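Engineer: Have a look at the structure that comes next, please.
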Amino acid sequence: MIDRWRWLALPFCALALTMGIRGAFGVYVLPWEAEFASTRAEIASVSSLSFLVYGLGNVVAGVAAERLGVGAVTAASLSLVALGLLGSAASAGLGWLYLFYGLVASAGFAGASHVTASVAVRQRFPEGRRSFALSVVVAGMCAGQMVVVPAQVLAVGRWGWRPVLAALAGVAVGLAVAAGASWKSWGGSPSPRTASGPESARGAGALLRDFWFWVFLAPYLVCGFTDSGLVDNHLVPYARSLGASEATVAGALSVLAVSNLAGTVAAGYLADRWGRARVLGGLYALRAASLLLLVTGSVGRLWAFAPLFGATHFATIAPTNTLALTLFHASAPGLAVGLASLAHQVGAAAGALVGGLAFDRLGSYEPAFLSAVALLVASAAAMEWIHRARRSGLRWSTHGT
């Protein structure tokens with residue numbers, strides 16, 4: 001058991017690095033605009049490409065981790081991150097950023113993600129401890145936001161963006177070497193059930209034909225719509241429109257980040273004890289309440305919103321992934337986790353767009369936030385439906401419990 005928990009250090013660090021780099025994209029916007037004489041939209045399109053590659057890459061990563069082994073996929077992915085960052089640091093034009101950051105590094109981000117870590121947790125931890133184990137790994141994403149992102153803000157201002165990207169590439173190389181060295185102990189062997197191509201194809205077909213898979217998938221799309229899409233992109237301008245000062249917004253975001261870390265670990269612990277679907281339902285209900293509180297109160301409600309929403313932000317990842325691995329382990333568990341992550345990214349893209357359209361057309365964010373509340377309530381109900389279906393044994397016999 002001690003070896004299992006020691007094993008968590010490497011994926012924790014990998015997620016801290018990759019999430020810290022992805023979350024700091026805004027740090028490079030102004031330097032890249034000046035360096036390459038580009039517009040804001042042109043730089044933003046690099047980020048859009050990165051999101052698309054990341055979402056699609058998560059699907060590939062889940063299947064590859066099942067077939068080739070987690071150690072191999074992680075080492076290769078971190079190598080891609082290093083190559084992409086080095087290429088970005090040496091870029092002489094915007095087109096090279098599309099190639100090295102938007103494609104190469106982002107493919108590496110996808111492979112060294114929580115999707116791959118979820119497969120490894122399934123292989124190395126017993127059923128009753130998987131959610132908590134994965135939540136500890138996912139806490140690395142919170143650490144990346146709290147440590148790696150601010151470090152880049154300071155470092156880019158002092159040394160410039162090229163040396164910083166090169167230094168981050170060096171860290172990625174170190175982690176890739178560590179992943180390669182611990183290949184066998186860190187989920188190096190492929191799963192026997194998924195090593196066969198024809199069997200995997202049949203499992204994928206069974207997964208996509210399963211009604212319950214789509215019931216499971218829809219709430220996670222809503223999750224992406226409400227957090228990465230709507231709140232991450234539009235909370236700051238919404239709060240400023242209410243009259244919140246920059247200091248107030250910064251303070252609320254700090255509270256949200258701390259609550260995010262605590263909520264992520266707590267949700268994993270509780271999911272193993274209360275049931276993953278039920279905990280997810282509670283998280284979606286809590287998020288709905290936080291958004292309703294935000295849009296129906298004064299600017300002072302921002303301080304109440306921040307810890308409530310923060311407790312749900314990354315907290316849904318571990319219960320969602322481990323629920324997928326449990327419900328669909330007899331068909332295509334790696335694919336199920338990858339498709340869930342893709343759905344989250346699609347929802348995020350939609351949430352960002354809907355928030356912008358609502359403000360442009362209606363002059364207010366309230367309709368977008370209220371629609372998110374309704375979708376979250378429906379998602380909580382769907383998770384309660386899955387929880388009760390599992391307890392009654394309905395249809396789950398084909399997947400196992």
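Values in this text are rule-based calculations from the coordinates and carry no lab data. A quick note: this is a predicted structure, and the numbers were derived from the prediction, not measured. Please note: Cβ atoms are built from the backbone with ideal geometry, for glycine as well, and neighbour counts cover all protein chains shown.
Engineer: Mind putting a number on the dipole of region 2-195 about its Cα centre? Charges go on the C-beta only, +1 for Lys and Arg and -1 for Asp and Glu, and I need it in Debye to the nearest 20.
Structural biologist: Dipole size: approximately 600 debye.
Engineer: From the list [x] -0.23, -1.12; [y] -0.26, -1.22; [z] -0.22, -1.28, can you say which value of log10 I(q)/I(0) by the Debye sum over Cα atoms at q = 0.06, 0.14 Å⁻¹ was derived from the structure given?
Structural biologist: Label [z] holds the value from this structure.
Engineer: Quick check: the distance between the Cα centres of region 243-290 and region 47-126, to the nearest angstrom?
Structural biologist: Region 243-290 and region 47-126 have Cα centres separated by 26 Å.
Engineer: Checking a compactness column here: for region 1-90, what do you get for Rg(Cα) / (2.2 N^0.38 Å), N being the number of residues?
Structural biologist: Taking the Cα Rg and dividing by 2.2 N^0.38 Å, one obtains 1.32.
Engineer: Compare the peptides 15-27, 98-110 by average per-residue count of other Cβ atoms within 10 angstrom and give them in order, highest first.
Structural biologist: Ranking the peptides 15-27, 98-110 by packing returns 98-110, 15-27.
Engineer: Taking 0.36 nm per residue of sequence separation and subtracting the Cα-Cα distance, how much length would be gained by fully extending the chain between Leu293 and Ala257, in nm to one decimal?
Structural biologist: 11.1 nm is the gain from fully extending Leu293 to Ala257.
Engineer: Now for a different question. In debye to the nearest 20, how big a dipole does region 204-398 give about its Cα centre with +1 on each Lys and Arg Cβ and -1 on each Asp and Glu Cβ?
Structural biologist: For this selection, approximately 580 debye.
Engineer: Dividing the alpha-carbon radius of gyration of region 204-398 by 2.2 N^0.38 Å (N being the number of residues), what value is obtained?
Structural biologist: 1.05
Engineer: Give the relative contact order (percent, whole number) for region 2-195; include only Cα pairs under 8 Å separated by 6+ residues.
Structural biologist: 40
Engineer: Would you mind putting 336-347, 167-178 in packing order, based on average other-beta-carbon counts within 10 Å, highest first?
Structural biologist: 336-347, 167-178
Engineer: Let me ask something else about it. Roughly what would the spin-label model give for Ala381 and Glu366, points 7 Å off Cα along C-beta, in nm?
Structural biologist: 2.4
Engineer: Okay, moving on. Can you give the relative contact order of the chain as a percent, counting alpha carbon pairs under 8 Å and 6+ residues apart?
Structural biologist: 24
Engineer: Under a Cβ-only charge scheme (Lys and Arg +1, Asp and Glu -1), can you give me the dipole magnitude of the chain about the Cα centre, in debye to the nearest 20?
Structural biologist: Magnitude of the dipole: close to 1080 debye.
Engineer: For Leu30 paired with Arg158, estimate the spin-label separation in nm (one decimal), with each label point 7 Å from Cα along the Cα-to-Cβ line.
Structural biologist: With each label placed 7 Å out from Cα toward Cβ, I get 1.8 nm.
Engineer: Calculate, in nm to one decimal, what Leu357 and Trp303 gain on full extension: separation in residues at 0.36 nm each, minus their alpha carbon distance.
Structural biologist: 16.8 nm
Engineer: Out of all Cα-Cα pairs in region 2-195, roughly what percent, to the nearest whole number, are more than 29 Å apart?
Structural biologist: Across region 2-195, Cα pairs with separations above 29 Å total 22 percent.
Engineer: Which FRET efficiency, nearest 0.05, do Ala166 and Glu42 yield, Cβ-Cβ r, R0 22 Å?
Structural biologist: Approximately 0.45, to the nearest 0.05.
Engineer: While we're on this one: Find the Cα radius of gyration of region 58-114, compare it with 2.2 N^0.38 Å by division, and give the number to two decimals.
Structural biologist: Dividing the Cα radius of gyration by 2.2 N^0.38 Å gives 1.18.
Engineer: Can you compute the FRET efficiency between Ala389 and Ala90 using 1/(1 + (r/R0)^6), with r the Cβ-Cβ distance and R0 = 51 Å? Round to the nearest 0.05.
Structural biologist: 0.45
Engineer: Moving to a separate point now. Order of His313, His234 from fewest to most other C-beta atoms within 10 Å?
Structural biologist: His234, His313
Engineer: Now, a different point. When only C-alpha pairs under 8 Å and at least 6 residues apart count, what is the relative contact order of region 204-398, in percent?
Structural biologist: Value for region 204-398: 40 percent.
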